[in-house]
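The values are calculated or read from the model by the stated rules, or taken from the named source; none is laboratory data. Note that the structure is a prediction, hence the values are computed from the model and not measured. So basically every Cβ, Gly included, is an ideal-geometry build from the backbone, and we count neighbours across all protein chains shown. To get the accessible areas, we keep the full protein, side chains included, count just its heavy atoms, and leave off ligands, DNA and RNA. Shrake-Rupley method; radii C 1.70, N 1.55, O 1.52, S 1.80 Å.
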Amino acid sequence: MRDIERLVPSAGQADTVGLGEFDAGQLARYAADPAHPWWRRRACVLALAGRVPERYAAALIDRVRDPDDVAEVRIALLGLLADRGAELLPWLRHEDRGQERSYAMPEAILKARGMFGDRSAAPGLMTLAASPWPHRRAAGEAALDALVTRYGAEEILAGIGVARPEDRAFHVRMRHRAGADVTDALADSDHGVAYLAQSLLSDPVRLRGYLGGAPTTDAALWAAYALHRLTGDVGETRAVYEALGRPWVEVDGLDEELRAAIVHEYANRCERRSDPRWRVEALCAEPPVRPDQDGQLRRATAALTAAGMAPEPPVPCGEHNHQGGWDLSRDRVRRERAVGQHPRAVRHGGGPRRPRRPRIGRPPLDRRDHRCGPGHRPLRLLLR
């Protein structure tokens, strides 16, 4: 198995070309052995696509059924064994699957049931397809599409009502797929359904015609939002917004300056079920003046230096935290007798984790109230 270790030297570093050319029997045997690191086993499973040796199929199915195996491997195997519905479907449908708690396994099991043609999974898949999480939504939609392909849309719709928002969303998707107009769904009481409807519309003329007789303010806002998506005409969007009386979500104690900053920073990335008032307000409001971040950082560095500290160059907050892309930065401060802790790789669950950032002695910058240095003068006062 040293060849496999060479092809997958560490987590996330698989030689996919080399694995694709490697002997399928050895890959299957390695993947079926839980004694090996899970990230190597998963790489082997992915490399077996379309070439699972029949003599190892039973052993791989056993790995799927083992609740103590690693979820990432089991999920990859469910995708690999897409032609093994006869063996897997009874297990997938068993009531014990409701006790699965491994991360992402319940969704993977539900998706597999749909992919294998289990119509009883349709209600759960509709809930999954309405998830705010893109990866869950994609899984639900893929499995529903598989059911529709196998049985036809009418067969699936026959057992589905319209009481739940996710059921209505599925009806909207199927109507749109059949070429029907779904503009009326802009008036749905659920924001998620209305958002889906506006995302499917593509005729600006029809939307302008709908605006004149929209049954609710929300429906008109969704129409305006869809129209802006298609045309990019801010002037037209603002005219509609003004004609509607500039509806917005009231938030007690939120002044205009802070509201403008929040709207322009977050409203264009809000979730599907967010109120359309936030969305259209963001399109129509003038953007706030951006703060002089470089100037703020210079003043913060000067203030810390004047307080007897030795600040290092500021780094982006996302870089400091190993994730995100915010504009905010962090100053790291050294004391004269600080003792540093060297970063080291920590292994967990058979795989490497990212090295931690050095922690410099006792934290001179209190994260709870943004105070720093002797006397704990608030940093915001030093920035004035």
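Of the conditions (1) part of a helix (DSSP H, G or I); (2) farther than 26 Å from Ala143 by Cβ, Arg175 fails just one. Which one is it?
It is condition (2) that Arg175 fails.
Name the residues in region 248-276 that are among the small types (Gly, Ala, Ser) and surrounded by 11 or more Cβ atoms within 10 Å (Cβ to Cβ), would you?
Hits for region 248-276 are Ala260, Ala261, Ala267, Ser274.
Using beta carbons and a limit of 7 Å, which pairs, at least six apart or on different chains, have the first residue in region 88-107 and open to solvent by 40 Å² or more (accessible area, probe 1.4 Å) and the second one in a loop (DSSP other than H, G, I, E, B) and not aromatic (Phe, Trp, Tyr)?
The qualifying pairs are Arg93/Asp118; Pro106/Glu100.
Name, by its number, the condition in (1) at pLDDT below 95; (2) open to solvent by 30 Å² or more (accessible area, probe 1.4 Å); (3) touching a helix residue (DSSP H, G or I) at 6+ places or on another chain (Cβ under 7 Å); (4) farther than 30 Å from Pro67 by Cα that does not hold for Ile160.
(2)
So how many residues does region 108-139 have that are within 16 Å of the chain's Cα centre (by Cα) and touching a residue at least 40 places away in the same chain (Cβ under 8 Å)?
Result for region 108-139: 3.
Residue check, Ser131 against (1) among the hydroxyl-bearing types (Ser, Thr, Tyr); (2) touching a helix residue (DSSP H, G or I) at 6+ places or on another chain (Cβ under 8 Å); (3) open to solvent by 40 Å² or more (accessible area, probe 1.4 Å), all met but one. Which one?
Evaluating Ser131 over (1) among the hydroxyl-bearing types (Ser, Thr, Tyr); (2) touching a helix residue (DSSP H, G or I) at 6+ places or on another chain (Cβ under 8 Å); (3) open to solvent by 40 Å² or more (accessible area, probe 1.4 Å) leaves (3) as the failure.
Taking Gly117 as meeting all but one of (1) part of a helix (DSSP H, G or I); (2) modelled with pLDDT of 95 or more, write down the number of the exception.
Condition (1) is where Gly117 drops out.
Output the number of the condition that Asp96 fails; it satisfies all remaining conditions of (1) under 30 Å from Ala163 (Cβ atoms); (2) at pLDDT 95 or above.
(2)
Give region 179-217 a look and list any residue that's in contact with a Ser or Thr (Cβ under 7 Å, 6 or more places away or on another chain) and hydroxyl-bearing (Ser, Thr, Tyr), or say none.
Answer for region 179-217, where residues must be in contact with a Ser or Thr (Cβ under 7 Å, 6 or more places away or on another chain) and hydroxyl-bearing (Ser, Thr, Tyr): just Tyr210.
Counting just the residues of region 66-86 that are surrounded by fewer than 16 Cβ atoms within 10 Å (Cβ to Cβ) and of a type in the set (D, E, K, R), which one comes out farthest from Gln26 (Cα to Cα)?
The extreme case among them is Asp68.
Filter region 44-59 for residues that are in a helix (DSSP H, G or I) and in contact with a Leu (Cβ under 6 Å, 6 or more places away or on another chain); which is farthest from Asp96 (Cα to Cα)?
If we take residues in region 44-59 being in a helix (DSSP H, G or I) and in contact with a Leu (Cβ under 6 Å, 6 or more places away or on another chain), then Ala47 is farthest from Asp96 (Cα to Cα).
So which helices (runs of 4 or more DSSP H) are wholly in region 251-327 and hold at least 2 residues that are touching a residue at least 40 places away in the same chain (Cβ under 8 Å)?
Hits in region 251-327: 276-284, 293-306.
Give the residues of region 140-162 that are of a type outside the set (Gly, Ala, Ser), touching a residue at least 12 places away in the same chain (Cβ under 8 Å) and not in a helix (DSSP H, G or I), sorted by residue number.
Ile160
Quick check on region 179-204: of everything there that is open to solvent by less than 40 Å² (accessible area, probe 1.4 Å), among the aliphatic types (A, V, I, L, M) and not in a helix (DSSP H, G or I), which residue is nearest to Glu236 (Cα to Cα)?
My answer is Leu201.
Which ones in region 3-30 are assigned to a helix (DSSP H, G or I) and hydrophobic (A, V, I, L, M, F, W, C)?
Once the filter is applied, which keeps residues that are assigned to a helix (DSSP H, G or I) and hydrophobic (A, V, I, L, M, F, W, C), region 3-30 yields Ile4, Leu7, Val17, Leu19, Ala24, Leu27, Ala28.
With respect to Ser120, determine if the residue is of a type in the set (Gly, Ala, Ser) and loosely packed, with under 14 Cβ neighbours inside 10 Å. Break it down stepwise before answering.
Values: of a type in the set (Gly, Ala, Ser): yes; loosely packed, with under 14 Cβ neighbours inside 10 Å: yes.
Yes: the conditions hold for Ser120.
Can you tell me which residue among Tyr30, Tyr56 is surrounded by 13 or more Cβ atoms within 10 Å (Cβ to Cβ), in contact with a Cys (Cβ under 6 Å, 6 or more places away or on another chain) and either under 29 Å from Arg113 (Cβ atoms) or small (Gly, Ala, Ser) (or both)?
None of the others qualify; the one that does is Tyr30.
Enumerate the pairs (first residue in region 235-250 and basic (Lys, Arg); second residue anywhere and surrounded by 16 or more Cβ atoms within 10 Å (Cβ to Cβ)) with beta-carbon separation below 7 Å, excluding pairs fewer than 6 apart on the same chain, so at least 6 apart or on different chains.
Every condition considered, the pairs that remain are Arg238/Cys284.
Identify the residue in region 226-247 that is in contact with a Pro (Cβ under 8 Å, 6 or more places away or on another chain) and open to solvent by 50 Å² or more (accessible area, probe 1.4 Å) and, among all such residues, is farthest from Gln198 (Cα to Cα).
Taking the candidates together, the pick is Thr231.
Cβ-Cβ below 8 Å, separation at least six or inter-chain, first residue in region 205-228 and assigned to a loop (DSSP other than H, G, I, E, B), second open to solvent by less than 10 Å² (accessible area, probe 1.4 Å): which pairs?
Partner pairs satisfying both residue conditions: Ala214/Leu186; Ala214/Ala220; Ala214/Ala223.
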